[in-house]
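Novice: Sending over a structure as structure tokens; questions will come in a sec.
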Amino acid sequence: MFSLLSFFTLAQTIAAPFPLPSPSPPTAPPKVPPPQEIVPYQEQRLLPQELLPRQEMFDPQELRRLPGQLDTVPVFNSNSPELVQTDGILLSTFPPEGKAVAAAHLNFPFQGRFDLFSHHISRTRGFNDPRTLFQGVLVYNPTYQPVTIDILQGASYLTRPDALFVDLPSYVDDPTGRVYAGPGSRIVNDVLRGRRQGNWPAVMVVPPRQSWMLMNLPIPAGNVAPSSNGRSTLLRLRSNGPVYIASLAMFAPLNPDKTERSPSLEEWQNLLVNGGLAGPRDIPPTPIDRLKDYARVVYGRVAGVAVGSEWKANLTDNPKADSLSIPKRGRAFSYGFSTLYQGTFGTGQIQSASLLARYADTAYQAHGNYGVQYSLTLPLHNGTGQRQTVTLAIQAPLKEDKAKGGLLFFSPPEERIFFRGPVRLRYTDDRGAPQTRYIHLILQRGQEGAPLLSLAMPKGDRRLVQLDFLYPPDSTPPQVLTVRTLSDP
């Protein structure tokens, strides 16, 4: 077996007139197993706890639409199929001309600022076939001029051994970025802090009409069946010219002595030209125009080009105001985030990124907004005439689509984890000192959530609070941001 370091293929280029030539006569794509129910790999349960009767709790409060909107940065979003067990194309934005399976190519060039998000799982198919699954991301420059790609921030991690799903408290202060649970939590932790993982250079140049491997990394599942492993990746990129991108899956080719090796650029190109979609396919989404006809709605997994990398919002009393009045004593109001169809808390606001291109059997919207940054500014103002204590919390109420005058929680919350990742708070504390805090947050379904921040605000006080986070993979939307004035100051 070879060292994992040999998997990091950073800048392989080869002349490739567009469209890419086929090294061999086109062959029929491999048969793809039919759609099947896939059990998510990530462990969503905490350690056994004392059994308590679960009760519903209703918290009356005002639900508000989140101001602002997603920007227009396109996102290469590769999350279907989540479980990959055949060679094939995960997501291709190449033109369909000259390809064996035209429907596998969405024909979308990226230029300027764009993001790349992917998450896929490998699982051993039996004791006799423990081969390592590789994920390759191929970038092609169709022009006659070199194209420069800036890798601004980015990270890619395996579940094992990079980022295990460890049990953590609900809140952990994390000043150095060493707290995470799962690869999704870890990649957004790095990008939120502006980091670029060391296996990527700051700048890469793709020569005219040539291809480059942006990623050529393994997802080893191990030699024990059943055994699974996942890889999550998030990159923020910028190019000065058009490029096509494809995310591909291939089991490790074998050397003559039966040992594994990483796929070559030529082998990835051959798969792109002659291959079909990887499988097994995920369950298709419920038709979005017929939701009322179905008792159970399936959102599906995302594979396509989404629109939106960041949601910026200035939370004020109204669009013309410059401050956010705190609630009356004992009251609260909340803003939903990562809201989706049939989950707007009665606001009617769907924040899911729209898709410019998608496969027919995948999600209609990029629900969850995985990897999207929420940058929220709260210019708090205590105009009540009395000293007040104001708290800020992220909560995980039960998903609702109709207005009920408040939010519904469980006591105790369910064991299933619905939010798992870091948030950044910047504010002025009660002593007038500026603070920046990173907090790793875990919320179970129906969990009210303890305050992230508590401020003692004298009458007339104004306090600016900034909250930033990237919506973490391995989370289930939606959640809310709640501002509350305590009954007892």
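The numbers here are math on the coordinates, done by the rules we state, and not lab data. Nothing here was measured: the structure is a model prediction, and the numbers come from that model. Cβ placement follows ideal geometry from the backbone for every residue including glycine, while neighbour counts extend to all protein chains displayed.
Novice: What is the diffusion coefficient of segment 122-199 in µm²/s, taking the Kirkwood radius over Cα pairs and the Stokes-Einstein relation at 20 °C with a viscosity of 1.002 mPa s?
Specialist: 136
Novice: Can you compute the charge dipole magnitude of the chain about its Cα centre, using +1 on each Lys and Arg Cβ and -1 on each Asp and Glu Cβ, nothing else charged? Give it in debye, rounded to the nearest 20.
Specialist: The dipole magnitude comes to about 760 debye.
Novice: If you take the square roots of the eigenvalues of the alpha-carbon gyration tensor of segment 325-382 and sort them as a ≥ b ≥ c, do you get rounded (a/c under 1.5), prolate (a/b over b/c) or oblate?
Specialist: prolate
Novice: Here's something else I'd like to know. Sort 70-76, 362-368, 429-435 for me by packing, meaning the mean count of neighbouring Cβ atoms within 10 Å per residue, highest on top.
Specialist: Packing proxy ranking, top to bottom: 362-368, 70-76, 429-435.
Novice: So if R0 is 35 Å, what FRET efficiency would ALA450 and TYR341 give, r being the distance between their Cβ atoms, rounded to the nearest 0.05?
Specialist: 0.70
Novice: Please give the contour-minus-distance gain from ARG193 to THR72: 0.36 nm per residue of separation, less the Cα-Cα distance, rounded to one decimal in nm.
Specialist: Extra length available between ARG193 and THR72 comes to 41.3 nm.
Novice: Also: Find the relative contact order for segment 312-367 and round it to a whole percent, using C-alpha pairs within less than 8 Å whose residues are 6+ positions apart.
Specialist: Relative CO of segment 312-367 lands at 20 percent.
Novice: Taking the C-alpha atoms of segment 348-489, how large are the radius of gyration and the largest Cα-Cα span, Dmax, in Å?
Specialist: So, for segment 348-489, Rg and Dmax equal 17.2, 57 Å respectively.
Novice: About its Cα centre, how strong a charge dipole does segment 292-426 have in debye, to the nearest 20, once Lys and Arg get +1 and Asp and Glu get -1 at the Cβ?
Specialist: Result for segment 292-426 is approximately 340 debye, rounded to the nearest 20.
Novice: Continuing with the same structure: Kindly work out what percent of the DSSP beta bridges joining two residues of the chain are antiparallel, to the nearest 5.
Specialist: 85
Novice: Mind listing which trypsin sites (Lys or Arg not before Pro) in segment 100-184 are in a DSSP loop and have 14 or fewer other Cβ atoms within 10 Å?
Specialist: Sites meeting the loop and neighbour criteria: ARG178.
Novice: Rank-order 328-336, 456-464 by packing density, defined as the average count of other C-beta atoms within 10 Å over each peptide's residues, highest first.
Specialist: Packing order, densest peptide first, comes out as 328-336, 456-464.
Novice: I've got another one for you. Amide H neighbours of ALA363 under 5 Å, at least 5 residues apart or on other chains, H built in the peptide plane: list them.
Specialist: ARG301, VAL302, ALA303
Novice: If you average the sequence gap of Cα pairs under 8 Å that are 6 or more apart and divide by the length of segment 146-224, what percent do you get for the contact order?
Specialist: In percent, rounded to a whole number, it is 45.
Novice: Looking at LEU83, GLY421, SER375, which one has the Cα that reaches farthest to the positive end of the dipole of the chain (charges on Cβ: Lys, Arg +1; Asp, Glu -1)?
Specialist: SER375
Novice: Rg(Cα) of the chain divided by 2.2 N^0.38 Å?
Specialist: Taking N as the residue count of the chain, the ratio is 1.02.
Novice: Another one. Which three lengths, in whole Å and largest first, does segment 210-298 cover when its Cα atoms are put on their principal axes?
Specialist: So the extents along the principal axes, rounded to whole Å, are 56, 46, 27.
Novice: What trypsin sites (Lys or Arg not before Pro) does segment 216-306 have in DSSP loop regions with at most 14 other beta carbons within 10 Å?
Specialist: LYS258, ARG296
Novice: For ASP59 and ASP488, what does the FRET efficiency come to when R0 = 25 Å and r is the distance between their Cβ atoms, rounded to the nearest 0.05?
Specialist: The value I calculate is 0.90.
Novice: Can you give the FRET efficiency for VAL166 and ARG416, using 1/(1 + (r/R0)^6), R0 = 22 Å, r = Cβ-Cβ distance, to the nearest 0.05?
Specialist: FRET efficiency, VAL166 to ARG416: 0.85.
Novice: Continuing with the same structure: Residue separation times 0.36 nm, minus the C-alpha to C-alpha distance between SER325 and ILE350: what's the value?
Specialist: So the chain would gain 6.5 nm between SER325 and ILE350.
Novice: Also, I was wondering about something else. Nearest 20 debye, what's the magnitude of the dipole of segment 148-232 about its Cα centre given +1 on Lys and Arg Cβ and -1 on Asp and Glu Cβ?
Specialist: 260
Novice: Compute the length gained on full extension between ILE283 and ALA357: take 0.36 nm times their separation in residues and subtract their Cα-Cα distance, giving the result in nm to one decimal.
Specialist: Length gained between ILE283 and ALA357: 24.8 nm.
Novice: Here's another thing I want to ask about it. Toward the positive end of the charge dipole of segment 219-339, about the Cα centre and with charges on Cβ (Lys, Arg +1; Asp, Glu -1), which of THR286, SER338, VAL305 goes farthest?
Specialist: After comparing all options, I get SER338.
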